[in-house]
Amino acid sequence: MLRTLQPQRLSEGVVSELLDAIRAGRLRQGEKLPSERRLSEQLGVSRVSVREGLRMLELLETIEVRQGKGAFVVSSDVRPSGRLLRHWLSAHRDEVLELLEVREALEATAAGLAAQRRARVGVPDAVDPNDLEALVQQDLEFHHALARAIANPVLASLIAELNGTLRESRFAMFAIPGRPQRSHSDHVAIAEAIRAGDADTARAAMQAHIAQTRADVGSMPEQGAS
């Protein structure tokens with residue numbers, strides 16, 4: 001059985017719950033998933049949330065949606081080739097770049113404030129670069145922790161909202177070759193500058209981190225380009 005999701009988990013709860021069910025063997029490879037309506041009832045969320053969760057699982061190559069037949073489990077391992085994720089990123093390239101521009105301005109400010117206030121931001125551990133789920137989770141936790149540490153609820157709320165937007169983009173960006181390693185090195189540099197109380201370096205490190213992300217996304221060919 002699947003668990004009813006709590007409201008605060010709706011943005012990612014469908015994906016997490018279905019992945020848990022697949023890994024635990026409650027949903028097996030080759031098995032057809034319940035209909036959107038049935039999943040909506042079981043999880044206690046809207047069909048829109050279910051549809052978004054299924055789309056994410058399809059991008060992660062965990063399920064396959066067959067036209068007119070439904071969604072089927074194809075893998076319990078979130079280690080996709082990245083082909084579908086990069087295709088998604090190519091299709092949403094301009095939107096993601098605009099979002100990153102706003103994040104760069106807000107999060108660079110937050111990093112500087114965190115250093116000025118000697119906020120406690122942990123240096124993240126390295127994560128298996130092939131484990132997209134763990135990479136995305138750690139990335140979100142790092143940026144959320146930094147936002148909370150500045151003791152400015154308004155700025156923290158804006159950053160949290162932006163980081164929750166286009167969650168697919170995070171999975172897609174970590175599917176870019178070399179991106180996981182670059183992101184980890186950037187996070188370590190940002191955290192160390194904050195711990196040292198060096199506001200200028202912390203601000204510059206965050207700007208460089210997101211600017212490099214924009215460069216990675218911007219270097220991708222647009223959908224349909226030859």
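In whole percent, how big is the carbon plus sulfur part of the accessible area of the chain, probe 1.4 Å, protein atoms only? Numbers along the way, then the final one.
Working: 5450 of 11380 Å².
Carbon-and-sulfur percentage of accessible area, whole number: 48.
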**Request:** Could you point to the label whose value was computed as Rg/Rh (Cα atoms, Kirkwood Rh) for the structure here, given (i) 1.00; (ii) 1.04; (iii) 0.96?
**Result:** (i)
**Asked** Arranged from highest to lowest average of other beta-carbon atoms within 10 Å per residue, in what order do the peptides 85-98, 199-212 appear?
**Response** 199-212, 85-98
**Asked** Measuring from a point 7 Å past the Cα of residue 154 along Cα-to-C-beta, which residues in the stretch 102-136 have an amide N at less than 15 Å?
**Response** 106, 110
**Message:** What are the ³J(HN,Hα) couplings of the stretch 48-61, residue after residue, when phi is run through the Karplus curve with 6.51, -1.76, 1.60 and θ = phi - 60°? Round to Hz, x for glycine and proline.
**Reply:** 5, 4, 4, 4, 5, x, 5, 4, 5, 5, 5, 4, 7, 6
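How many percent of all Cα-Cα pairs in the stretch 27-110 sit more than 19 Å apart? All intermediate terms of the calculation are to be shown ahead of the outcome.
Values: 1826 of 3486 pairs.
Percent of Cα pairs beyond 19 Å in the stretch 27-110: 52.
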**Asked** Tell me, what is the per residue accessible area of the chain in Å², probe radius 1.4 Å?
**Response** 50
**Prompt:** If each of residue 188 and residue 137 carries a label point 7 Å out from its Cα toward its Cβ, how far apart are those two points in nm?
**Reply:** 2.2
**Complete:** Counting all Cα-Cα pairs in the stretch 122-226, those more than 24 Å apart amount in percent to 23
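The values are calculated or read from the model by the stated rules, or taken from the named source; none is laboratory data. Because the structure is a prediction, the values reported are computed rather than measured. Cβ atoms come from the backbone with ideal geometry, glycine included; neighbour counts cover every protein chain shown. In case anyone asks, the SASA skips ligands and DNA or RNA and just uses the protein heavy atoms, side chains included. Shrake-Rupley method; radii C 1.70, N 1.55, O 1.52, S 1.80 Å.
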